[in-house]
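Each value in this text was obtained by applying a stated rule to the coordinates, not by laboratory testing. These numbers come from a predicted model, not from an experiment. Quick reminder, even Gly has a Cβ in these numbers, built from the backbone with ideal geometry, and neighbours come from all protein chains shown.
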């Protein structure tokens with residue numbers, strides 16, 4: 001499953017670990033005050049072609065970066081973009097044939113008192 005592979009990939013990346021080891025599925029735990037990454041996966045399915053099914057699935061991933069400071073949020077966001085934009089290779093146990101960042105939105109979460117960046121990534125998995 002791509003969500004497990006994604007989490008393992010992030011937790012095994014020394015650049016990301018320089019910022020945080022907090023990587024959570026779908027929601028940020030209450031009372032979080034340190035840099036964190038929250039991921040959501042919009043499952044893709046193999047493409048249907050005439051007479052067969054393509055071995056490549058297109059999956060959309062949303063990464064939300066939370067941080068108490070704007071600078072840290074932007075730095076971690078840029079590191080994630082550098083890692084994923086144009087990436088091809090292994091994603092833990094899966095093979096990525098292409099990964100592309102589509103959109104980044106930066107906001108401030110008043111209730112959480114944290115800066116947030118949302119990164120939309122399109123991933124093609126073999």
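222 nm [θ] for the chain, helices only, -39500 (n - 2.57) per DSSP H run of 4+, per residue, to 500?
Working: 3 runs with 29 residues, N = 126.
Only helices count here, giving -6500 deg cm²/dmol.
What's the extension gain from residue 103 to residue 90 if we count 0.36 nm per residue and subtract their Cα-Cα distance?
2.4 nm
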The residues 32, 93, sorted from fewest to most surrounding Cβ atoms within 10 Å, come out as 93, 32
Over the Cα atoms of the chain, Rg to Rh with Kirkwood Rh, two decimal places?
1.01
Convex hull of Cα atoms in the stretch 56-126, direction-averaged projection (nm²)
4.8 nm²
Arrange 126, 111 by Cβ neighbour counts within 10 Å, fewest through most, would you?
111, 126
Over the chain, what is the mean sequence separation of C-alpha contacts under 8 Å (at least six apart), divided by residue count, expressed as relative contact order in percent?
24 percent
For the stretch 10-43 and the stretch 50-114, what is the centre-to-centre distance using only Cα atoms, to the nearest Å?
11 Å
When 16, 81 are ranked with the fewest other C-beta atoms within 10 Å first, the list becomes 81, 16
Note on the stretch 1-45: the mean projected area of its alpha-carbon convex hull, in nm², is 3.4 nm²
